[in-house]
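What follows is a single structure, written as structure tokens, with notes after it.
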Amino acid sequence: MLRKLSILALFFCAAFASTAPTLPQMRMTPDEISAIPFNDSQTGSSRLSGVRSKVLFGDPSKSGFYTILLFVPAHTTVPAHSHRDDRMAVVVSGSWSFAYGTQFNERLLKKLPPGSVYSEPGGVNHFARTDDSPSIVQVSGYGPTDTRYFDVANDPTQKQK
């Protein structure tokens, strides 16, 4: 079931990427995915401390179709933010609570167990939280992507300055 949902999300984004390069044949086991290095640039990620990403296909910082895996630690709150591109996501593991809005509001969160699918429309603010377990979320879109926090004070890159 999870595999079918992941493939569905991948093909949904690929169908709208008319100028994207041809999608290669790909089959990867969890061990092979584990061998992929983490993406140090964090493009398309929340850039929060502890959140890491792996690029499975494409380059999220450039024009074209991409797929990334987000690894989000337990007890992580992701403040309201948006991305310039339309994105589809699948919860691969853990529990991911997600909502739309410009301010984090726990009452709006919907708990999404593994196998759940959700969208991140371009320019639409959204926020998330993990519970007692870490989560892995697969995100696909047509780049370039970015992350724009609704409240700039929540942007981790601003806090580092």
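The values are calculated or read from the model by the stated rules, or taken from the named source; none is laboratory data. Since the model is a prediction, treat every value here as computed from it, not as a measurement. Cβ atoms come from the backbone with ideal geometry, glycine included; neighbour counts cover every protein chain shown. Please note that ligands, DNA and RNA were not included when accessible areas were found on the heavy atoms of the full protein model with its side chains. Shrake-Rupley method; radii C 1.70, N 1.55, O 1.52, S 1.80 Å.
Here are some notes:
The rows are residues; the columns are (1) touching a strand residue (DSSP E or B) at 6+ places or on another chain (Cβ under 7 Å); (2) under 13 Å from VAL91 (Cβ atoms).
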position	(1), (2)
GLN103	yes, no
ARG107	no, no
LEU112	yes, yes
SER116	yes, yes
GLY123	yes, no
PRO134	yes, yes
VAL137	yes, yes
THR147	yes, no
PHE150	yes, no
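- The single residue among THR19, THR43 that is open to solvent by 40 Å² or more (accessible area, probe 1.4 Å), at pLDDT below 90 and part of a loop (DSSP other than H, G, I, E, B) turns out to be THR19.
- Within region 106-157, the set of residues being within 15 Å of LEU70 (Cβ to Cβ), among the small types (Gly, Ala, Ser) and assigned to a loop (DSSP other than H, G, I, E, B) comprises SER116, SER133.
- The listed residue being closer than 22 Å to SER133 by Cβ, without any contact (Cβ under 8 Å) to a residue 12 or more places away in the chain and out of contact with any Gly (no Cβ under 6 Å at 6 or more places or on another chain), out of SER53, SER46, SER34: SER34
To keep it simple, each residue is scored yes or no on (1) β-branched (Val, Ile, Thr); (2) part of a loop (DSSP other than H, G, I, E, B); (3) open to solvent by less than 10 Å² (accessible area, probe 1.4 Å).
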| site | (1), (2), (3) |
| --- | --- |
| VAL55 | yes, no, no |
| THR67 | yes, no, yes |
| PHE71 | no, no, no |
| HIS75 | no, yes, no |
| ALA80 | no, no, yes |
| VAL92 | yes, no, no |
| PHE104 | no, yes, no |
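- Region 106-147, residues that are crowded, with 19+ Cβ neighbours inside 10 Å and of a type in the set (Gly, Ala, Ser): ALA128, SER135, SER140, GLY141, GLY143
- Single residue of VAL91, VAL152 found to be of a type in the set (Val, Ile, Thr) and in contact (Cβ under 8 Å) with a residue 40 or more places away in the chain: VAL91
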